[in-house]
Amino acid sequence: MLDFKDKIRVIPDFPQAGISFKDITTLLMDGESYRSAIDELKKLVDHLEIDVIAGPEARGFVVGAPLAYALGVGFVPIRKSGKLPYETIEAGYALEYGKDTLAMHTDAIKPGQKVLIADDLLATGGTIATSVNLVQQLGGEVVGAAFLIELTALDGRSKLSDIEVVTLLNYED
């Protein structure tokens, strides 16, 4: 397995002082590393029964869509408010450094579907907890969450206590 930390650029004090931003674009630019990261995530979730993967905008798309392809399941985008063209449900949440609203099409998840949520990063857990809430409002069952990176010091995992969480990399900061 590749050392994926070698492929992640860390940018201090972005987007504000005290934040150590984990930039995955350097991993995405390297085709072999990107494919390997998706393959490794696939191995970590292969044991789960998954009907569809949902990923929050925007980096959840670059993790969730290729993972859905690798697993042979569908992908559902979770977008920011006002970005989806059909009837939606919405939920607001707090970010590490702000607030936002996420939305899903009302027909994106069928009741009883088993859903894996995929994103690039688990930090405080606000984005993923909101994504879980939206999936559950539509009658879906969240069977797991998969991330490239987890910032363990921010304890986002605690907001997902009933959900299996898998990550490729852990950072303390």
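The values are calculated or read from the model by the stated rules, or taken from the named source; none is laboratory data. Just so it is clear, the model here is predicted, and its values are computed rather than measured. Counting neighbours? That spans all protein chains shown, and the Cβs are built from the backbone with ideal geometry, glycine included.
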Worksheet item: Yes or no: residue 99 basic (Lys, Arg) and either farther than 30 Å from residue 17 by Cα or not in a helix (DSSP H, G or I) (or both)?
Response: yes
Fill in: Residue list for region 1-43, restricted to those being of a type in the set (A, V, I, L, M, F, W, C), surrounded by fewer than 17 Cβ atoms within 10 Å (Cβ to Cβ) and not in a strand (DSSP E or B)
1, 2, 14, 17, 19, 29
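Yes/no per residue for (1) in contact with a His (Cβ under 9 Å, 6 or more places away or on another chain); (2) free of Cβ contacts under 8 Å to residues at least 60 places away in the same chain; (3) over 19 Å from residue 99 (Cα atoms):
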position	(1), (2), (3)
128	no, no, no
131	no, no, no
147	no, no, yes
159	no, yes, no
171	no, no, yes
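Table: residues versus (1) charged (D, E, K, R); (2) on the phi < 0 side of the Ramachandran plot; (3) in a strand (DSSP E or B); (4) touching a helix residue (DSSP H, G or I) at 6+ places or on another chain (Cβ under 7 Å).
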{"position": "77", "(1), (2), (3), (4)": "no, yes, yes, yes"}
{"position": "83", "(1), (2), (3), (4)": "yes, yes, no, no"}
{"position": "91", "(1), (2), (3), (4)": "no, yes, yes, yes"}
{"position": "104", "(1), (2), (3), (4)": "no, yes, yes, yes"}
{"position": "115", "(1), (2), (3), (4)": "no, yes, yes, yes"}
{"position": "129", "(1), (2), (3), (4)": "no, yes, no, yes"}
{"position": "142", "(1), (2), (3), (4)": "no, yes, yes, yes"}
{"position": "147", "(1), (2), (3), (4)": "no, yes, yes, no"}
{"position": "168", "(1), (2), (3), (4)": "no, yes, yes, yes"}
Worksheet entry | Residues of region 96-108 that turn out to be over 16 Å from the mean Cα position of the chain (by Cα) and surrounded by fewer than 23 Cβ atoms within 10 Å (Cβ to Cβ), as a count | 6
Practice prompt. Consider only pairs whose beta carbons are under 9 Å apart and that are at least six residues apart or on different chains; among these, list those whose first residue lies in region 3-23 and is in contact (Cβ under 8 Å) with a residue 12 or more places away in the chain and more than 17 Å from residue 172 (Cβ to Cβ) and whose second residue is acidic (Asp, Glu) and surrounded by 11 or more Cβ atoms within 10 Å (Cβ to Cβ).
Written response: 7/30; 9/23
Fill in: Which numbered condition residue 75 fails, given (1) touching a residue at least 24 places away in the same chain (Cβ under 8 Å); (2) surrounded by 13 or more Cβ atoms within 10 Å (Cβ to Cβ); (3) in contact with a Gly (Cβ under 9 Å, 6 or more places away or on another chain)
(1)
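Residues are listed down the side, and each one gets a yes or a no for (1) under 21 Å from residue 35 (Cα atoms); (2) modelled with pLDDT of 95 or more; (3) surrounded by 16 or more Cβ atoms within 10 Å (Cβ to Cβ):
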site: 83; (1), (2), (3): no, yes, no
site: 94; (1), (2), (3): no, no, no
site: 110; (1), (2), (3): no, yes, no
site: 115; (1), (2), (3): no, yes, yes
site: 118; (1), (2), (3): yes, yes, yes
site: 125; (1), (2), (3): no, no, yes
site: 135; (1), (2), (3): no, yes, yes
site: 138; (1), (2), (3): no, yes, yes
site: 141; (1), (2), (3): no, yes, no
